Structures are given as structure tokens and as C-alpha cells.
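Quick notes on the structure that follows.
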Amino acid sequence: MSKVRGGLIQMSLKGDSSMSPDKIREKMLEAHLPLIEEAGKKGVQILSFQEVFTQPYFCPSQDAKWYEAAEPIPDGPTTKLMQQLAKKYNMVIIVPIYEEAMSGVYYNSAAIIDADGRYLGKYRKTHIPQVAGFWEKFFFKPGSSNWPVFETAYGKIGVYICYDRHFPEGWRALALKGAEYIVNPSATVAGLSEYLWKLEQPAAAVANGCYIGAINRVGTEAPWNIGEFYGQSYFVNPRGQIEAIASRDRDELLVHDMDFAMIREVRNIWQFFRDRRPETYNLLKEI
């Protein structure tokens, strides 16, 4: 399949942090459902949401209350609902949620649902930041997913989550395992790294000859107020060109047609995979 229609949903928090995680999940799902329906009507084939899309970005706190936001994959309510919607709309859905593996063990994960509603597997965020305002290690155990690539009805899909994007090794591993389209669900705020938002993913798309869908949430979230989530979700092609981009400050479904034929074309021009020298890279494992 050459042309694949992708969809990215970016959204602000519904409700507030004083609510229970279950109530916030209910309100976030309620807000997403009309956009998921719109995506179905517009013929979106691969739909992706932002990082931990049913909850606030609670990592500025160290409040154990938010452990209650985690749910099992694939047996939790959100994954089950998305399986129904994927089948209804014949649409692959990437579902980034807070995962409970067992009591006391939680991951920042994404479930991958095929267009017939089958659960294909999950990716667990590999790189977990721990700096002032981003206490992610309090909430998330680092994943060791071995870079899964999912063979879906519309192409081979990989997932890399937020902070992961700063590490080139994972992009390369996913591409070498066959990923044609990699999604990066994020929760990132204005500040030092904002200029990287339109730099890193295009560079990764070029280096690995693939499409990337970058998703960010919008708005501010009290009481933490760590800054503005600046949206601007986008699709970037294997040449590093941003082909479509969402607004900075609105809930939005961004729909775009990707030409997967460009992947082969670009990889045949820029022979980065042929010219790799992995036998010279041992230093990367030793330091």
C-alpha cells in the first residue's frame, strides 16, 4: 500500500487534577470520541494519541494518587474500548496509556491495535527522565521492549515515546527492524527544548528513511503549571520535510496522506543502511 492516511489527535486536559484518575479518564475519553469518529469518517487508517492520553501529565508531582491512573494492557478498559473502535472504523490505533504490569510496577506504554480490532502488542517507554519538574522515575519503570515493530493492515509501525526521541539509537533500531512509520506520543512544554521539536524528528526521519508522526498535548495543567504544552503535532516525511502540522493551542485531529513509496525512493538515494559500520561502534556499548 503506497498511500496511507494518518491521523494525530492532540488535546488539552479535561477536568482538573483534583478529580480522581477514573473521572479524568472518563472525561478525556469522552472528549476524544468525537475526534475518533471524525477520523473514521475521513478514512484515517492509522490513528495516534498523545502520551498518557487519558490523564494529565502528573509527573511534576510525586503524588502516589496517580498510581491509580494505571491500567492493564490489554485487559484494561481503555485498550478494550479502542479495540472496539478500531474494528468499527477499520483503523489501526496507537493507544498511549499508563500501564499497570502488577501492583507497584508501572510503565509508560502504548498498545497497538490492528484495523480488525486485534491487540498486536505494546511498547514501553525506554528512556525515563528525572529532573526538576519531571519526576518520571517516581511513576514509570524503564521498559525493555526490544524495539517491537508491528505488522498492521496498513504498514509496519514502531513507537517511541516523548523523551525517547532524544536518543538516536531507538529510531535506528526500529527502522532496522522494518518500521515504515514511527509515532512519538509526547507531553512536552515550551522552554529549552522547544526548538528541538521541529529538529529531532525530521533528523531522525532522514537518518532512517521513514515517516514520523509527532504528537504533543496542548494547554497548561494546574496545579503544576510547568509551562505550556505547545501542540504542533506533525507528520514528517523521509526527506525530513514537515508535510502537515497542527495548531499550537487547540484540540485537533490532524489528517494527512503519507506516500510510503517515498521510503524506498529515499533509502535508495541516501544509502545510510548500506554504509553503516556497526563493527566500529563497540564504544557505544562500553561507555
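Nothing in this text is a laboratory measurement; each read-out follows from the coordinates by a stated rule. This structure is a prediction, so every number in the text was calculated from the model and none was measured. Don't worry about glycine lacking a Cβ; one is built from the backbone with ideal geometry, like all the others, and counts go over all protein chains shown.
Observations
- Peptides 105-117, 133-145, 263-275 ordered by average Cβ neighbours within 10 Å, highest first: 105-117, 133-145, 263-275
- Positive contributions from Lys and Arg (+1) and negative ones from Asp and Glu (-1), summed over other residues with Cβ under 10 Å from the Cβ of I161, come out at +1.
- Pairs spanning more than 25 Å between alpha-carbon atoms, out of K3/K41; K41/K80; K80/K122; K3/K27: K3/K27.
- Separation of alpha-carbon centers, the range 15-32 and the range 33-82, rounded to whole Å: 11 Å
- By the rule of a C-alpha distance below 17 Å, with chain neighbours fewer than 8 residues away ignored, the aspartates and glutamates paired with K137 are E51, D63, E68, E99, E100, D164.
- Dimensions of the chain from C-alpha coordinates, computed as largest minus smallest value along each principal axis and given longest first, are 53, 48, 34 Å.
- Fraction of antiparallel bridges per DSSP, the chain only, in percent to nearest 5: 70 percent
- A straight line joining the Cα centroids of the range 191-234 and the range 236-271 runs 15 Å.
- This model, with +1 at the C-beta of Lys and Arg and -1 at the C-beta of Asp and Glu, gives the chain a dipole about its Cα centre of some 680 debye.
- All alpha carbon pair distances within the range 150-287 were sorted into 10 Å bins beginning at 0; the resulting P(r) in whole percents reads 12, 40, 31, 14, 3, 0.
- Cα gyration tensor shape for the range 1-156, rounded if a/c is under 1.5, else prolate or oblate: prolate
- Relative contact order for the chain, counting Cα pairs under 8 Å that sit 6 or more residues apart, in percent: 20 percent
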